[in-house]
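Here's the structure we're looking at; comments come further down.
The values are calculated or read from the model by the stated rules, or taken from the named source; none is laboratory data. What you are looking at is a predicted structure, and each value in this text was computed from that prediction instead of being measured. We place every Cβ from the backbone using ideal geometry, glycine too, and count neighbours over all the protein chains shown. Accessible surface is based on the protein model in full, side chains and every heavy atom, while ligands, DNA and RNA are left aside. Shrake-Rupley method; radii C 1.70, N 1.55, O 1.52, S 1.80 Å.
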Amino acid sequence: MVEVGGHIQSVERAAAVLRILGSAGKPLRLAEIASALGLAKATTFGIIRTLRDVGFVHQDRETSDYSLGDGLRDLGRASLDPHDLRSHAMNWSDALASRTRLEVLVAMPQLDGARIVHHVFRPDDSAQVLRVDEVLPFHATALGKVVLAFAAGIASPTPGLERYTQRTFTRRTSFDAEMRGVAERGWATEQAEFVPGVGAVAVPLRGFGGLGVGAVAVSGPLERVFRHAGPAMDDVVSATLETAVAISRSLGVRP
Amino acid sequence: MNGTVVAAIDQGTTSTRLMLFDRQGRTLSLAQREHQQHFPQPGWVQHDADEIWRHVGRLVPEALEQAGVDARQVAALGIANQRETTVVWDRTTGRSLGPAITWQDTRTSAIVDGLVARGEAGRIVETTGLHPHTYFAGPRLRWLLDQRPELRERAARGEVLFGTMETWLIWNLTGGVDGGVHVTDVTNASRTMMMDLTTLTWDDTMLDLLDVPRAMLPEIRSNAEVYGTAVGRLAGVPIAGALGDQQAALFGQTCFSPGDAKCTYGTGAFLLVNTGSERPRPGRTVLPTIAYALGDDAPVYAVEGSIAMTGSLVQWLRDSLELIETAPQVETLARSVDDNGGCYIVPAFSGLFAPRWDPGARGTIVGLTSYIRKGHIARAALEATAWQTWEVVEAIRHDLGLTLETLRVDGGMTSNHLLMQYVADALDVPVERPLVSETVCLGAAYAAGLTVGYWADLNTLSHHRHRAAVWRPQMDPAVRAHESSQWNRAVEHALGWVPQRPPAAAPRAERPTRPPESPSVAALPPATSSLGTESDPDPGR
Ligand SMILES: Nc1ncnc2c1ncn2[C@@H]1O[C@H](COP(=O)(O)OP(=O)(O)OP(=O)(O)O)[C@@H](O)[C@H]1O
């Protein structure tokens, strides 16, 4: 398959198929594509079936004709826009804050941590400042752990696990064990690992196609999030899970 | 679910919502239905009042089910509504007679122009606080009666009734043809151009001017009292509060003290400031109105400044320029640059509202150089919303000597943090977003709950209010001074763009109808000097 100069023939042919479909202006039959390429039907079919399976080509159920697929359109969208996410999350996060009486944070992954894109104050009228754009470390926060576990294309933090409090996971083995727990449960906690006395529960948000796009968390004094020296409170966890489902549902349909 | 709840209806421009709240003012359920918008001619926008009433009928069980309560647990119902939308109906059949003509509709421009041409503007302002404008319900009622003269006769006999949307809903909820209560509230009545803003009663002179028979008008009531008891799905529930939507938002934001201000940022923006118990003098720029009247208490007044284009400018960037795919992405684009690059957008697409009131103004983009990228345009679009807010706030300071301490905000655009920060910077006051964003429904619920003693007093309500976010001013005063003066210069380029028509020409349907001789236009000197800046010798007038 590899030609001199490193050209891969099947990739070139796949590109040619996409060009033909893109310029046709109407769905094409397999025979039409094959003759346009000057290839055997069987060869053309192999290429087009692969393109269809990855979502770049669409095959009409009734006519079996081919056209460009949705996967191509979505290629250009690097990821969810943070401001779209905030707009989708706003009403649900307000309701979560009002129900749990805790602070609500929504974050998206970036290379060095979870970036806060939305923040709702704890509804107790204490002085608080907006934390939007703050980047939370992967290994010391609930939001960080969740985006690390569920978002696509994020590598585990390298090498040093910085200490923020006495309870920060700084040893690789114990952090790996913590992350296995997160993957199993489907959500993450933070127990005074980043800020003394502060606890949090975070749940992944899923966007178009079920991809992990970010996370929503509630955060507050440890004793308001966790039972005494025990697991996170059930009602806090269930409220956060429900909120994540609601936001994810609203993200599933692109505006 | 144990205990009782308070229900509220927000009959809005595009949809109707029904919400239930608990004693802490927290949302228990929300049901919503959109109704059809009809555009039979350019400048005409109407709804079907019967359709809207049918929707209310479906929303009630939906909202009750969501919260798991039945009607016996509903302590009271409050109603908020799109103001100025006008309905006329048959008392004997219960059906509407003609369309519900909405507040955006400009079909009454000839009627309004006629009033102005006859030199009535002064009297109208004096009595109602309003400059004659196609906004208001009175001219619409006249238009409906002029269309079908037989209606006017039947109306005089009390067979045909008039109302704004809250009147229509209350009449239907309390039994309709079968003993429906025919009332309106002071805030809605204050936007009809038929009510005396001091006595809070229908004014005979205004009724004569508009040729409206008194017999068809609802009784004007306070915002918090029991108007009647519901029948049907909400049987037995007292209907105990009603406010126009902007006043409901002011009430829901607990703006109970003079100087408390809220701005709702949606398609357009509406800024209202509580001015206390004295009727504000007609200003040059912002409209005096009723904030609320609770039972037998003396009314509390407010001034209102409306801005025509805020969210709709973002929609224009999205739909007409295709610079962005969704409205929130304007923030992403705006953040791709550090500042406006010297570029300003004045979105006077169909003239300017408060405080400039220039129907001949048109949109402009100034300061273009080859340096300008689309990010600068996005930023300028957001800054335009902030500077327009600033103009209204400065006008209020100038006309009334009122200075804001904070601005409470709500509406779809509050999800834009760049904008909210810029509003705080331009106004030099903190901007606060409350936790319950449905402030319109909440305000109506508060009024109704107060009436029936579900909540003890205004103080209790103030305690329910929690901040979800605060943006504090960060702008260097020198930058603020420079940017505000650049904005003013940009506005000068937009003013008076459309050549004045000769007086004989017939008014076009879309043409805004603010009269050239009305004081707020004539008295307005060029932009910079009209605002209450330090150099103004007479800020309080
Ligand atoms: N993040 C954002 N940034 C800028 N503009 C926004 C953003 N989100 C929404 N908008 C604008 O806000 C408007 C929608 O807000 P909202 O839903 O409050 O408006 P509305 O139609 O006036 O309200 P209602 O239907 O409740 O009467 C749209 O014009 C939209 O362009």
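Assorted remarks:
- Accessible area per residue for the range B:172-250, computed on protein heavy atoms with a 1.4 Å probe, is 29 Å².
- With the simple model of a label 7 Å out from the Cα in the direction of the Cβ, residue A:128 to residue B:178 spans 4.9 nm.
- Alpha-carbon spread of chain B, three principal axes, descending order, Å: 68, 59, 44
- Rh (Kirkwood; distinct C-alpha pairs) - the protein assembly as shown, Å: 29.0 Å
- Rel. contact order, % - alpha carbon contacts under 8 angstrom, at least six apart, chain B: 16 percent
- Solvent-accessible area per residue in chain A equals 50 Å², computed with a 1.4 angstrom probe and all protein chains kept.
- If R0 is taken as 35 Å, the Cβ-Cβ distance between residue B:492 and residue B:370 corresponds to a FRET efficiency of 0.90.
- Charge dipole of the protein assembly as shown (Cα centre as origin; +1 on each Lys and Arg Cβ, -1 on each Asp and Glu Cβ, all else neutral): 1600 debye, rounded to the nearest 20.
- Largest accessible area first, the residues A:64, B:222 order themselves as A:64, B:222 under a 1.4 Å probe with ligands, DNA and RNA left out.
- Interface burial in the range B:294-334 reaches 50 Å² or more for B:328, comparing the full protein assembly with the chain by itself; accessible area from heavy atoms with a 1.4 Å probe.
- Accessible-area composition of the range A:9-75, carbon plus sulfur, in percent [1.4 Å probe]: 52 percent
- With all protein chains kept in place, the per residue accessible area of the range B:80-126 amounts to 34 square angstrom at a probe of 1.4 angstrom.
- Per-residue SASA entry for residue A:133, accessible area with 1.4 Å probe, Å² rounded to 10: 80 Å²
- Options B:349, A:144, B:450, ranked by Cα towards positive dipole end of the protein assembly as shown, top entry (Cβ charges): A:144
- Extension gain for residue B:34-residue B:458 works out to 149.4 nm (0.36 nm per residue, less the C-alpha to C-alpha distance).
- Charge dipole of the protein assembly as shown about the Cα centre (unit charges at C-beta), most positive-ward option of B:295, B:101, B:193: B:101
- The range B:317-403: chymotrypsin sites (Phe, Trp or Tyr not before Pro) in DSSP loop, at most 13 other beta carbons within 10 Å: B:371
- Net charge dipole size for chain A [Lys, Arg +1 and Asp, Glu -1 on Cβ; Debye, nearest 20]: 420 debye
- Between B and A, buried accessible area from a 1.4 angstrom probe totals roughly 2100 Å², ignoring ligands, DNA and RNA.
- Shape call, the range B:130-259: gyration tensor on alpha carbons, a/c limit 1.5: oblate
- Buried on assembly, the range B:422-457 (at least 40 Å² less accessible surface than by itself, 1.4 Å probe): B:433, B:435
- Interface burial in the range A:84-101 reaches 40 Å² or more for A:84, A:86, A:90, A:94, A:98, A:101, comparing the full protein assembly with the chain by itself; accessible area from heavy atoms with a 1.4 Å probe.
- Surface share of carbon and sulfur [accessible, 1.4 angstrom probe, percent] for the range A:82-250: 55 percent
- Beta-bridge orientation, the range B:1-129: approximately 70 percent antiparallel, per DSSP, counting only bridges with both partners inside.
- Rolling a 1.4 Å probe over the protein chains gives residue A:65 an accessible area of about 30 Å².
- In this view, the solvent-accessible surface of residue B:227, computed with a 1.4 Å probe and all protein chains in place, comes to about 10 Å².
- Residue order by solvent-accessible surface for A:32, A:62, A:162 is A:62, A:162, A:32, largest first, with ligands and nucleic acids left out and a 1.4 Å probe.
- Heavy-atom accessible area order for A:37, A:148, largest first, 1.4 Å probe: A:37, A:148
- Carbon + sulfur, % of accessible area of chain B - ligands and nucleic acids excluded, 1.4 Å: 50 percent
- Relative contact order of the range A:82-250, pairs being alpha-carbon contacts under 8 Å that are 6 or more residues apart, as %: 22 percent
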